[in-house]
Amino acid sequence: MTRGPLLRPEPAGAEFLTLLTPPDWADVFGGPGPLELEIGSGAGAFALGHAARHPGVRYVAIEWRKKYARELEHRARTRGLRNLRVVEADARAVIPRLFAPGSLSGIHLQFPDPWWKRAHRKRAILTPGFAALLLERSAPGGLFDLRTDVQARAEEMLATLEAAGWHNPLGPGAFHPPDPEDVPSSRERRYLASGEPVYRARLRKR
Ligand SMILES: C[S@@+](CC[C@H](N)C(=O)[O-])C[C@H]1O[C@@H](n2cnc3c(N)ncnc32)[C@H](O)[C@@H]1O
């Protein structure tokens, strides 16, 4: 049985992988606009929906699973979404090189792998150091959009972000209510369909 999309031959975002300093994003996207980043875009429903809904946003999705990254780039191209770029890479490795301090208007981290086994917990993507780096790369007023179905991970990640200096306008530890205007991610669609809870936080850089 085949799981997920087939592997397309063309790497996604290969031109960004050798860069040691951030590209001129205005050049990449053909103009200025808010720059947003998604970490671990998976099957890409949020990236496609959000980029289509906000054509003025320049959206960069980073996903290290090649088949998902390449499929997303293919879909963005076939849908004519010129404001979406996909990079197949380890987000932790490339973000420091691709985004200048103060450059990101939005960061989306949705349903990151929960790493259930205690021995694997150190693989969790949102470490204190990474939360601080993302704050530094964020523009003043920039959004951090966090979503997960795992309450314990939601609480941990929210605490990590707040400790790094991300501001929670709803108060420390508070989750954001569901927003009917939100584009659901691929994972989120499942939970919305089954009625399972989704924990959301929307933090800001002061
Ligand atoms: C559970 S899935 C969620 C996908 C998507 N955000 C959603 O909500 O449908 C987590 C995704 O993050 C990706 N991922 C995990 N660590 C990553 C990293 N360091 N760099 C890039 N992608 C990563 C995984 O390959 C996977 O596709």
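What follows is calculated from the coordinates using simple rules that are stated; it is not laboratory data. Source: prediction; values computed, not measured. Ideal geometry is used to build each Cβ from the backbone, glycine not excepted, and the neighbour counts take in all protein chains shown.
Net charge near Phe16, counting Lys/Arg +1 and Asp/Glu -1 over other residues with Cβ under 9 Å of its Cβ? Before the final figure, lay out the partial values.
Working: positive: Arg85, Arg97; negative: Glu15.
Net of charged neighbours comes to +1.
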Thr21 label point, 7 Å along Cα→Cβ, cut-off 19 Å on backbone N: hits in the stretch 89-130?
94-104
If you keep only loop residues by DSSP, which trypsin sites (Lys or Arg not before Pro) in the stretch 106-149 have at most 14 other Cβ atoms within 10 Å of their Cβ?
Lys117
Using amide H atoms built 1.01 Å from N in the peptide plane, name the residues 5+ places from Leu104, or on other chains, whose amide H lies under 5 Å from its own.
Ser138, Ala139
For Trp64 and Ala132, extending 7 Å from Cα along the Cα-Cβ vector and measuring point to point gives, in nm, a value of 2.2
Once you place label points 7 Å from the Cα toward the Cβ at Arg92 and His120, how far apart are they in nm?
1.5
Take the alpha-carbon centre of the stretch 1-25, take the same for the stretch 78-113, and report the distance between them in whole Å.
11
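Quick check on packing: order 50-63, 182-195 by the mean number of other C-beta atoms within 10 Å, highest mean leading. Walk me through the numbers on the way to the answer.
Numbers: 50-63: 20.6, 182-195: 15.4.
Most protected by this proxy first, the peptides run 50-63, 182-195.
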Equivalent-ellipsoid semi-axes (√(5λ), Cα gyration tensor) for the stretch 152-206, whole Å, largest first?
23, 12, 9
Work through the residues other than Ala124 whose Cβ is under 10 Å from its Cβ and net out their charges, Lys, Arg +1 and Asp, Glu -1.
+2
Rounded FRET efficiency, nearest 0.05, which uses the C-beta distance separating Val28 from His74 and R0 of 22 Å:
0.75
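Once the convex hull of the C-alpha atoms of the chain is built, how many Å³ does it hold per residue, rounded to a whole number? Please report the intermediate quantities before stating the final value.
Details: hull volume 28.0 nm³, N = 206.
That works out to 136 Å³ per residue.
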Other residues with Cβ under 11 Å from the Cβ of Gly106 give, with Lys and Arg +1 and Asp and Glu -1, a net charge of +1
With the crude spin-label approximation of a point 7 Å out along Cα→Cβ, what separation in nm comes out for Ala193 versus Glu10?
3.0
Which percent, nearest 5, of DSSP beta bridges in the chain are antiparallel?
30
